[in-house]
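Undergrad: Please find one structure pasted underneath; my questions will follow.
The values are calculated or read from the model by the stated rules, or taken from the named source; none is laboratory data. As the structure is a computational prediction, the values presented were derived from the model and not from experiment. So basically every Cβ, Gly included, is an ideal-geometry build from the backbone, and we count neighbours across all protein chains shown. When the accessible area is computed, the model is the full protein with side chains, heavy atoms only, and any ligands, DNA or RNA have been set aside. Shrake-Rupley method; radii C 1.70, N 1.55, O 1.52, S 1.80 Å.
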Amino acid sequence: MKHVFEKLTNIFNKYDNYVITGHKNLDLDALGSSLGLYRILKEKNKEISIYLEKNINNTSVLKALEKLKLYNVKINFVNEEEVFKMDSEKTLLIVIDTHNLNLLDKPDMFSYFKNKVVLDHHIKMVNSLNGNELTYINSRLSSMVEFVSFYLHHLNKNVSPIVATIMLAGMEIDTNSYNIKTTDKTYEVGSYLMKMGANNIDKQTLLQESMEVYKKRQDYIKNSYMINEKMAICTLNEEIVLKKDLAQIAEELLQFDKVEAAFAIGKVSESSVGISSRSVGTIDVQKIMLKLGGGGHKSDAAAEIINTTINQVKERLYEIIN
Ligand SMILES: [Mn+2]
């Protein structure tokens with residue numbers, strides 16, 4: 001990755017203004033890696049900001065933002081209005097943790113800015129965003145936190161303990177507690193973040209969830225079952241849920257004996273059904289999701305199908321598996 005870091009540094013040196021954005025429904029990996037990058041760019045004493053969506057619903061992210069305030073870490077967060085007042089020619093837009101236009105909270109941002117860098121670790125899609133300055137997509141990375149941490153290391157820079165904590169939590173989320181997409185590099189980053197002062201108590205606070213939410217998920221999990229010797233499925237009811245909830249259910253099913261791949265199916269909008277899949281690594285769920293029009297990683301993939309029902313998606317999944 002050294003050559004990428006050098007390339008990035010050269011690009012960054014050409015600009016005085018930067019704005020960083022993660023994907024919509026910001027998570028701790030997008031936020032943590034943005035904060036790390038912010039720290040890298042901040043050093044240069046230039047204008048730097050992180051775009052935040054209006055209605056953040058991820059409680060971990062909300063807690064992280066509170067923690068930053070509490071520990072007096074000043075970050076220049078900006079909203080939509082402020083972003084569209086920026087100089088569109090001179091500001092470098094950095095998109096991190098996604099390369100899908102539809103996953104940006106404000107897709108117009110991408111066409112607004114002339115100069116762009118795209119950094120991601122999700123499997124490359126056909127219609128991926130293209131940064132004119134640089135597009136770097138590496139699906140071998142566990143998370144964008146992993147990438148940014150190595151970049152920090154390369155530059156010999158430190159982040160504050162609370163930022164290190166948020167980053168560590170982000171990596172933990174993206175790897176489902178070091179179970180998927182985890183390599184020796186991931187642990188190296190974990191060690192590096194701990195050395196910078198990442199705090200396990202704060203990290204746990206960030207990752208804690210509401211008891212109500214947990215109980216509800218367990219109700220679904222109670223109704224899950226094995227479809228064959230190695231695969232488990234959970235189908236939700238007609239209620240609309242977030243895609244990340246499906247992902248979490250699929251992830252949790254992996255902890256059970258004999259389960260090598262897991263699927264969760266539920267309504268993600270009035271007119272579409274989402275399916276999220278996870279595997280311990282022995283079954284390529286990406287291949288299965290591709291057949292449903294989706295994509296992802298070997299051990300972490302998803303699809304969204306319009307004008308269908310949960311039952312139809314389940315039937316289609318059975319066909320593909322058989
Ligand atoms: Mn990520």
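Undergrad: In segment 6-41, which residues are within 30 Å of residue 177 (Cα to Cα), more than 16 Å from the ligand (Cβ to nearest atom) and open to solvent by 10 Å² or more (accessible area, probe 1.4 Å)?
TA: 38, 39 - these are the residues of segment 6-41 that are within 30 Å of residue 177 (Cα to Cα), more than 16 Å from the ligand (Cβ to nearest atom) and open to solvent by 10 Å² or more (accessible area, probe 1.4 Å).
Undergrad: With the structure loaded, tell me whether residue 202 is of a type in the set (Asp, Glu), closer than 14 Å to residue 252 by Cα, open to solvent by less than 50 Å² (accessible area, probe 1.4 Å) and out of contact with any Cys (no Cβ under 8 Å at 6 or more places or on another chain) or whether it fails that test.
TA: no
Undergrad: Still on this structure, please answer the following. Restrict the check to segment 64-74 and report whether at least one residue is within 21 Å of residue 12 (Cα to Cα) and of a type in the set (Phe, Trp, Tyr).
TA: No; the residues of segment 64-74 include none that is within 21 Å of residue 12 (Cα to Cα) and of a type in the set (Phe, Trp, Tyr).
Undergrad: While we're here: Name the pairs whose Cβ atoms lie under 9 Å apart, with the first residue in segment 194-223 and in contact (Cβ under 8 Å) with a residue 60 or more places away in the chain, the second of a type in the set (Asp, Glu), and 6 or more positions between them or separate chains?
TA: 207/172
Undergrad: Okay, moving on. Only one residue in 291, 243 is open to solvent by 60 Å² or more (accessible area, probe 1.4 Å) and either touching a Pro at 6+ places or on another chain (Cβ under 6 Å) or at pLDDT 95 or above (or both), so which one is that?
TA: 291
Undergrad: Are any residues in segment 102-127 more than 15 Å from the ligand (Cβ to nearest atom) and under 24 Å from residue 1 (Cβ atoms), and if so, which ones?
TA: Step one: list which residues in segment 102-127 are more than 15 Å from the ligand (Cβ to nearest atom), which gives 102, 105-117, 126-127.
Hits for segment 102-127 are 115, 116, 117.
Undergrad: Scan segment 205-227 for residues that are among the aromatic types (Phe, Trp, Tyr) and either at positive phi or open to solvent by 40 Å² or more (accessible area, probe 1.4 Å) (or both) and jot them down.
TA: Matches in segment 205-227: 214, 225.
Undergrad: While we're on this one: Does residue 264 satisfy the condition of being part of a strand (DSSP E or B), in the same structural domain as residue 304 (by TED's automatic domain parsing), more than 24 Å from residue 57 (Cβ to Cβ) and at pLDDT 95 or above?
TA: no
Undergrad: Determine if segment 298-308 includes at least one residue that is assigned to a strand (DSSP E or B), assigned by TED's automatic domain parsing to the domain that holds residue 248 and touching a Leu at 6+ places or on another chain (Cβ under 7 Å).
TA: Yes, because at least one residue in segment 298-308 is assigned to a strand (DSSP E or B), assigned by TED's automatic domain parsing to the domain that holds residue 248 and touching a Leu at 6+ places or on another chain (Cβ under 7 Å).
Undergrad: Any residue in segment 131-157 that is within 23 Å of residue 15 (Cβ to Cβ) sitting within a Cβ distance under 8 Å of a residue that is away from the ligand (no atom under 13 Å from the Cβ) and small (Gly, Ala, Ser)? List the pairs, counting only those 6 or more apart or interchain.
TA: As it stands, the answer is 135/128; 137/128, since those pairs meet every condition given.
Results for (1) assigned by TED's automatic domain parsing to the domain that holds residue 133; (2) at pLDDT below 95; (3) more than 14 Å from the chain's Cα centre (by Cα), shown as yes or no for each residue.
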| position | (1), (2), (3) |
| --- | --- |
| 12 | yes, no, yes |
| 25 | yes, yes, no |
| 29 | yes, no, no |
| 33 | yes, no, no |
| 46 | yes, yes, yes |
| 58 | yes, yes, no |
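Undergrad: Moving on to the next point. Is it the case that some residue within segment 83-94 is part of a helix (DSSP H, G or I), closer than 18 Å to residue 13 by Cα and at pLDDT 95 or above?
TA: Checked against the condition, which is being part of a helix (DSSP H, G or I), closer than 18 Å to residue 13 by Cα and at pLDDT 95 or above, segment 83-94 yields no hits at all.
Undergrad: Moving on to the next point. Mind listing whichever residues of segment 30-73 are without any contact (Cβ under 8 Å) to a residue 12 or more places away in the chain and part of a loop (DSSP other than H, G, I, E, B)?
TA: 45, 55, 72
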